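Working notes for the structure below.
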Amino acid sequence: MAVSALGDGLPTPVEEVDPGETSSPSFRLPESFEAFYEREYHGVVAFAFALSGSWWVAEDLAQEAFLAAHRRWDQVGRLDLPGAWVRRALTNLAASAVRRRFSEARALLRLTSRREPPEPLPGDTVDFLRAVRSLPRRQAQAVALFYLEDWPTAQIAEVLGCSDATVRVHLHNGRRALARRLGLRDERARR
């Protein structure tokens, strides 16, 4: 059975007639999508990794290609090589992703070239921000939202998905760690 690309870039089955055959060819019965997915998944992800260079991107591309196959499984499953169909869909998706990233980068470059360069931050601000980034993730998030965004602890708790008391603990521990890193005395942290 041959494969032909239609306008959407995804191949679909095309009947191939044997010159000695008088009736139209029959499609083979498809295997279950689940069995196909289990058999092909690792190979498709490895192929996507070779194209993208990132396991996260590779897994996303593979999932999108398998989803496209699942939506058309009544046709794709009858192909002689449904794995080839998925890999072809994946190459189209990868090319689209590269084009999209390139377009986004060009747009970002245009936007940033129009802005005035920001004034450099004072040295103590740079040191503070570097110290905040060195905190454990939740402490850094709580400190940044509280001190840089002036958010109340209840709102920070909602964003971080924890209790108000937990936010206060993160702020307390973060304040103590920042004081140590910046060589400052924090009277409130000693209480």
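Quick notes on this structure:
- In the range 28-83, the residues that are among the small types (Gly, Ala, Ser), more than 26 Å from ARG100 (Cβ to Cβ) and touching a Ser or Thr at 6+ places or on another chain (Cβ under 7 Å): none
- Number of residues in the range 48-65 that are in a helix (DSSP H, G or I) and either among the polar types (S, T, N, Q) or without any contact (Cβ under 8 Å) to a residue 24 or more places away in the chain (or both): the value is 9.
- Residue in the range 99-114 that is farthest from SER52 (Cα to Cα), counting only those that are among the basic types (Lys, Arg) and modelled with pLDDT of 75 or more: ARG110
- Candidates PRO122, PRO118, PRO136, PRO82 - the one that is modelled with pLDDT of 80 or more, closer than 30 Å to ALA177 by Cβ, over 18 Å from the mean Cα position of the chain (by Cα) and not aliphatic (A, V, I, L, M): PRO136
- First in the range 66-89 and within 15 Å of VAL45 (Cα to Cα), second anywhere and among the charged types (D, E, K, R) and surrounded by 17 or more Cβ atoms within 10 Å (Cβ to Cβ), Cβ under 6 Å, 6 or more apart: GLY83/GLU40
- Residue list for the range 84-115, filter: in contact with a Ser or Thr (Cβ under 9 Å, 6 or more places away or on another chain), buried (at least 19 other Cβ atoms within 10 Å of the Cβ) and over 19 Å from ALA35 (Cβ atoms): ALA94
- Pairing residues of the range 162-189 that are farther than 13 Å from PRO136 by Cα with residues that are modelled with pLDDT under 95 and assigned to a loop (DSSP other than H, G, I, E, B), at Cβ distances under 7 Å and at least 6 apart in sequence or on separate chains, gives ALA179/ARG185; ALA179/ASP186.
- All told, PHE47 meets the bar of being in contact with a Lys or Arg (Cβ under 7 Å, 6 or more places away or on another chain) and surrounded by 16 or more Cβ atoms within 10 Å (Cβ to Cβ).
The values are calculated or read from the model by the stated rules, or taken from the named source; none is laboratory data. The shown structure was predicted, so the numbers you read here are calculated from the model rather than taken from an experiment. With ideal geometry, Cβ positions are generated from the backbone for all residues, glycine too; neighbour counts draw on all protein chains shown.
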